[in-house]
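Q: Supplied in structure tokens, the structure appears directly below.
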Amino acid sequence: MVQKAKILLVDDRPENLLALEAILSALDQTLVRASSGEEALKALLTDDFAVILLDVQMPGMDGFETAAHIKRRERTRDIPIIFLTAINHGPHHTFRGYAAGAVDYISKPFDPWVLRAKVSVFVELYMKNCQLREQAALLRLQLEGGAGPAKESAGLLAELSARLAAVEEQAEALSKQLDDDSADAAAVATAAHLERKLTGLRRALDALEPGTGGAPSLPAQT
């Protein structure tokens, strides 16, 4: 059973949160509400999120300040943030959003189809990274546990190879989807990082095949 990704929705107005849930419900992921920056930071202490949709104008801790706290934490600094705002003060205001660590900055009212498509890209990248970590964990167990019986070892290697091939195929399809001028730079960079990790894991797995000699080192996990 594939675990659903969590998407954090941060807005002080309940009607805006309800609208976001209606737009994103078609993605069939877990939507988590936060009505303030403080509540969002609390949620990020315990849960992992694929992407954060963050309102800029909020009483108390606004979106910029909330994003700054998110980016300062090692656990959360790599989570993509999409800023949502009902105001537009020109290029300077937009630049402030990107400087705060946002991967995108969308003004309300926004196109529901566009927002859903942007969020879906980051959800896919998150799921592929989760799959990659699972394959790396299985491979590490194989290395640490020794070769074992030849038949059992060969069967595990075949299963690992098949699972990794499925992730590689999905990652390749996602990269092709992002291979155009309109793709978010952050999404393209994340996809490229994922492909590099997949390449390293494939080399490590291939080195375990009989006759290759020696156990390989695993790619570092990030």
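The values are calculated or read from the model by the stated rules, or taken from the named source; none is laboratory data. Since the model is a prediction, treat every value here as computed from it, not as a measurement. Glycine gets a Cβ as well: all are built from the backbone with ideal geometry, and neighbour counts include every protein chain shown.
Q: Among the residues of region 59-77, which ones are acidic (Asp, Glu) and touching a residue at least 12 places away in the same chain (Cβ under 8 Å)?
A: Asp62, Glu65
Q: Next question, about the same structure. Does Arg33 count as among the charged types (D, E, K, R) and either at pLDDT 90 or above or exposed (fewer than 12 other Cβ atoms within 10 Å of the Cβ) (or both)?
A: yes
Q: If you take the residues in region 92-126 that are among the small types (Gly, Ala, Ser) and assigned to a helix (DSSP H, G or I), which one is modelled with the lowest pLDDT?
A: Top of the filtered list is Gly97.
Q: Out of all the residues in region 8-52, which are of a type in the set (Asp, Glu) and assigned to a helix (DSSP H, G or I)?
A: Glu15, Glu21, Glu38, Glu39 - these are the residues of region 8-52 that are of a type in the set (Asp, Glu) and assigned to a helix (DSSP H, G or I).
Q: May I pose another question? Going by the conditions given, is Met58 part of a loop (DSSP other than H, G, I, E, B), modelled with pLDDT under 95 and buried (at least 18 other Cβ atoms within 10 Å of the Cβ)?
A: Answer is yes for this residue.
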